[in-house]
């Protein structure tokens, strides 16, 4: 006969909750042991009870630190990928700042060029005026 489906929500009765914790903790520790034996898997399992007591299982009692070290290295590699992602984002941000700076400089250059052109036109006009003044004097 099959078991009924359990509704996953917090068990309000403290005694029932403690009994369920104890049974399920033992069940998951047994499953971890079985998985390590059947599949030759390296397993480290840590459980903290609601009261804060720690329970752990390692496929070999000497390998808990080894497995945790391996896990940290794996997570470190993920963090490296994370760091690369943040570095890429930083460079994109820097590129955007530089592009805005280039746009500002180009606008200033256009303004400076228009001032230079204006001054050159004024010089041409002044020179034409001088020339026309000289032409009038010679007549």
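What FRET efficiency, computed as 1/(1 + (r/R0)^6) with R0 = 35 Å and r the Cβ-Cβ distance, is obtained for residue 88 and residue 39, rounded to the nearest 0.05?
Using R0 = 35 Å, I get an efficiency of 0.40.
Over the residues of region 10-61, compute the C-alpha Rg and express it relative to 2.2 N^0.38 Å.
1.30
Only counting other Cβ atoms within 10 Å, I'd like 6, 46 sorted with the fewest neighbours first.
Final ranking by Cβ density, sparse to dense: 6, 46.
Taking 0.36 nm per residue of sequence separation and subtracting the Cα-Cα distance, how much length would be gained by fully extending the chain between residue 120 and residue 17, in nm to one decimal?
28.0 nm
Using Cα atoms only, what is the angle between the long axis of helix 64-138 and the major principal axis of the chain, expressed in degrees (0 to 90) to the nearest 10?
Tilt relative to the chain: about 10 degrees.
Determine, for 48, 33, the number of other Cβ atoms within 10 Å of each Cβ, and report the residues in order from fewest to most.
On the way: 48 10, 33 14.
Starting with the residue having the fewest Cβ neighbours, the order is 48, 33.
Taking Cα atoms, how many degrees apart are the long axis of helix 14-39 and the longest axis of the chain, rounded to 10 and kept between 0 and 90?
For helix 14-39, the angle is close to 80 degrees.
Please report, to one decimal in angstroms, the Kirkwood hydrodynamic radius of the chain built from all distinct Cα-Cα pairs. Present the calculation step by step, with values, prior to reporting the outcome.
Numbers: mean 1/r = 0.0420 Å⁻¹.
In the chain this quantity evaluates to 23.8 Å.
A short reminder: the numbers here are calculations on the coordinates, not readings from a lab. Computed from a prediction, not measured in an experiment: that's the story for all the values here. Neighbour counts are summed over all protein chains in view; Cβ atoms, including those assigned to glycine, are modelled from backbone coordinates with ideal geometry.
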